[in-house]
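Encoded as structure tokens, the structure appears first; notes follow it.
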Amino acid sequence: MIPELGQFSLILAFCLSILLGVMPLAGAATGNRLWMSMGRPLGAGLFVFLGICLFILGHAFVTDDFSVRVVAAQSNTLLPMQYKVTALWGGHEGSFLLWTFMLSGWILAVGMFSKSMPVEFVARVLGVLGLLSASYILFMLATSNPFDRMVPVPPADGADLNTALQDIGFILHPPTLYMGYVGYSVVFAFAIAALLSGRLDAAWARWSRPWANVAWAILTIGIALGSWWAYYELGWGGWWAWDPVENPPLITWLFGTALIHSLAVTEKRRVFKSWTVLLAILAFAGSLLGTFITRSGLLTSVHAFASDPSRGVFILAILGVFVGGALLLYAIRAPLIKSEFGFGSLSREIFLLSNNVILVVAAASVFLGTLFPMFYQALTGDLISIGPPYFNIIFVPLMILLVILLGIGPISRWKKTSGDYLKQQLGKVAMASLLLGVALPLIVLLDISIPATIAVALAVWIVLGIGRDLLAKTANKPSRREGLRSLTYGYYGMQGAHFGVAVMLVGVALTSYFSSERSVLLQTGDTVELGGYEFLFAGSERVAGPNYNADRATVLVTRDGDGDAVADLYPELRVYLASGTPSTEMAIDPSLWRDLFVTPGEIRDNGAWTMTVYVKPFVRWIWLGAIIMALSATIAATDRRYRKLARVRKQAEETAGEKVGQGELQPVPGGGT
Amino acid sequence: MMKPHRRKRLGVVLFIAFGMSVAVALTLFALSQNINMFYSPTQVANGEVEAGTMFRIGGMVKDGSVEQQQESLAVSFVTTDYIHDVPIEFEGILPDLFREGQGIVAEGRLNATGVFQASRVLAKHDESYMSPEVRAALEQAGADPDNHQFRATPEN
């Protein structure tokens, strides 16, 4: 009976989302303020009813109600409680419900934090998000109902959650990634609302910026969590594989990064307006593309859900209607948008434009490589795959170029910068970067390689550039401390995120070029040496877990030479009771400077174990960099000029008179970028 | 005669068009260098692939065909689409779900004697899931993938 209440609640949520998609938009079109004001309560109602759906489905998982089909498919009585709850998003139906619930959460947040924006604008934003929710819920009701029952006889026990998913990474990664993904729906809705109203002005950019920042921060964490999880769970020591399902979040992230920069230019200088709108649409399209690829089963990947063509067609239809409609609207409105300010050929505008071009080209080439096998198969019928070398060949040079410009951009000035000024500011920084790029890897790792030198030099270039800019920005203040205090959160957020890029860059380069690994066959008492460490296989024992049995090996790691103990590692070979599925659990000794990593393979008849041991220097820096970037973007989103509601409201009223291509605005006050 | 600002704009457009075509050409070149074709055991047995070419092969691991070296990580097995067999050699650690009767995809090259030297062996994470490539290979060979007790279930 309870699951039927969930079904009922889902239908009610559908009705609310239809109302939310129609009333505020119609109100905004006709000037009916009552209808416009329905957006917030309808959005809150949608959140409540989707929350009820989620709670009821969660209840079915927790109480082992195997009459519900998804519970029978993804759970089991032996499953530990935290995985029973999270098994909810272990399959297509439940994860899509979570996705839709996340969207309603964003709708609620938009309703709460938009008091300073014009009623008409908020109504349009909520209306667009309502239409999007309606299409998602319709998709669930039509093709993937999470409350479907097993009729006539439910199974006595469930088939169990995929063993690879029984992990902390699975608890954290999908909700975070979805939350970031869905955040781009909000940015998209802001863009559509601006296009509908014909008011693409600096105020619109200022309203969008905190949302674009927060969505980007969460998406960054979501991708980093996925990378971290794949690193220790899949057991091959990699942190990025260019898998077809890893790529769409990256595409969205690249568009989102371009969008953050482009929004800055649109707010400060009122140029790149139509470009910024296009980026918001593209970032949203990237997020839907990810959904489409995961759920249509068209591409082979570790993430693929069971393929069901009708689902793929439905999501493709949603993608076509929303992105196609948005592009049509864009095509009608864009010619009316006029940029008002000119800028010189050496200016911050140009550096940010280059940033955008590079990021969009990178996103486009990842897109091409990801979908090329699908197009190829459609045209020739042959199955192919695109290897990681393709992505590396294109991506690495683009990122090098991007980071070089990243050092210059923040120091350059709006409108016009002289080449001499840049040379004076950055000449010494460039020299120092080259020197340290050669010296640092040599000192820390006693090794030299040209790619690592380039990467470290680029990272130093970023960091010293930040220092140089801080010095310049505080030079004319009475004291340094006062100078630092006078800089805005927006400025600190920007420089913090750039610092995160430097940290990640070091991690990526040093892990890629200085990691070592060996696959070996070990009897008890055998040792293997790798990267200055000695791994001793001290024996194995049988252990019982909550829902699995395991053979656990003991591997003692000591430093070469002095024989100091470094770590005891306990990799396991598990067999899960419910499904009989084997699973390997690697053991890692993490540290800021290097990870020691053992993956068990199998146990031979004579008691020998096959194992792969890895030493991976600086791998933690990759995720550390992502965390720094996400925190910085959040700091930037709390900049005073977004918080000072009264002031913003006043400006909103001032700018409300501005129409597309007509009139001139007062320059917008506010510091930082 | 064109007005100066028009000429400037034309210059910019031409520059962008030139840049774009170079980018597209380079991308397509990089793509063409990194395509791994997929072949079924029947296609390989029919000699559709030359020795030394990098490609992917997919099929079922033939029952009773797995042979492990006692003193090293070398392993050999036979992959089949129930019509033709292709022998595979691999040195390294096989994935968790590698076992006889299971669908696998291997990446590597054929040597002169027609043995596939795998550099990578992939098996899916869910034992009741079959990768689309293996499924297609079996269907092409005329075998019914679903008759081998395989059903597609959610896999993440």
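Here, each number is a calculation from the coordinates, and none is a lab measurement. This structure is a prediction, so every number in the text was calculated from the model and none was measured. Neighbour counts are summed over all protein chains in view; Cβ atoms, including those assigned to glycine, are modelled from backbone coordinates with ideal geometry.
Before moving on, here are some points about what is shown:
- In segment A:352-384, residue nearest to the other protein chains (Cβ to nearest Cβ) [restricted to those that are crowded, with 21+ Cβ neighbours inside 10 Å and among the hydroxyl-bearing types (Ser, Thr, Tyr)]: A:Ser365
- Long-range neighbours under 8 Å by Cβ, at least six apart or interchain, first residue away from every other protein chain (no Cβ under 14 Å) and over 29 Å from A:Phe367 (Cα atoms) within segment A:394-415, second basic (Lys, Arg) and crowded, with 16+ Cβ neighbours inside 10 Å: A:Ile411/A:Arg468; A:Ser412/A:Arg348; A:Arg413/A:Arg348; A:Trp414/A:Lys268; A:Trp414/A:Arg269; A:Trp414/A:Arg348; A:Lys415/A:Arg269; A:Lys415/A:Arg348
- Strands (runs of 3 or more DSSP E) contained in segment B:1-106 and holding at least 3 residues under 27 Å from A:Ile386 (Cα atoms) and either more than 9 Å from every other protein chain (Cβ to nearest Cβ) or of a type in the set (Gly, Ala, Ser) (or both): B:55-61, B:74-80, B:85-91
- Hits in segment A:579-606 (condition: out of contact with any strand residue (DSSP E or B) (no Cβ under 8 Å at 6 or more places or on another chain) and within 17 Å of A:Val543 (Cα to Cα)): A:Gly580
- Pairs meeting the criteria (first residue in segment A:614-630 and closer than 14 Å to A:Ile588 by Cβ, second residue buried (at least 24 other Cβ atoms within 10 Å of the Cβ) and among the aliphatic types (A, V, I, L, M), beta carbons under 6 Å, at least 6 apart or on different chains) are A:Pro617/A:Leu510.
- Matching residues, segment A:527-543, being within 19 Å of A:Leu573 (Cα to Cα) and out of contact with any Gly (no Cβ under 9 Å at 6 or more places or on another chain): A:Phe535, A:Glu541, A:Arg542, A:Val543
- For segment A:569-587, a residue qualifies if it is more than 12 Å from chain B (Cβ to nearest Cβ) and surrounded by fewer than 19 Cβ atoms within 10 Å (Cβ to Cβ), and the qualifying residues are A:Tyr570, A:Leu577, A:Ala578.
- Matching option when the condition is hydrophobic (A, V, I, L, M, F, W, C), in a loop (DSSP other than H, G, I, E, B) and farther than 26 Å from A:Leu352 by Cα, among A:Ile443, A:Ile448, A:Ile411: A:Ile448
- Taking first residues from segment A:416-444 that are surrounded by fewer than 12 Cβ atoms within 10 Å (Cβ to Cβ) and partners that are of a type in the set (A, V, I, L, M) and not in a helix (DSSP H, G or I), the Cβ contacts under 9 Å between residues at least 6 apart in sequence or on separate chains come to A:Gly419/A:Leu346.
- Helices (runs of 4 or more DSSP H) wholly inside segment A:1-71 containing at least 3 residues that are in contact with a helix residue (DSSP H, G or I) (Cβ under 9 Å, 6 or more places away or on another chain) and small (Gly, Ala, Ser): A:2-30, A:39-62
- Note on segment A:511-529: among residues that are within 27 Å of A:Ala439 (Cα to Cα) and in contact with a Leu (Cβ under 7 Å, 6 or more places away or on another chain), the one that is farthest from the other protein chains (Cβ to nearest Cβ) is A:Phe514.
- Any hit, segment A:137-144, residues being part of a loop (DSSP other than H, G, I, E, B), surrounded by fewer than 24 Cβ atoms within 10 Å (Cβ to Cβ), more than 24 Å from the chain's Cα centre (by Cα) and of a type in the set (Ser, Thr, Tyr): yes
- Residues in segment A:360-370 that are free of Cβ contacts under 8 Å to residues at least 40 places away in the same chain and among the aliphatic types (A, V, I, L, M): 3 in all.
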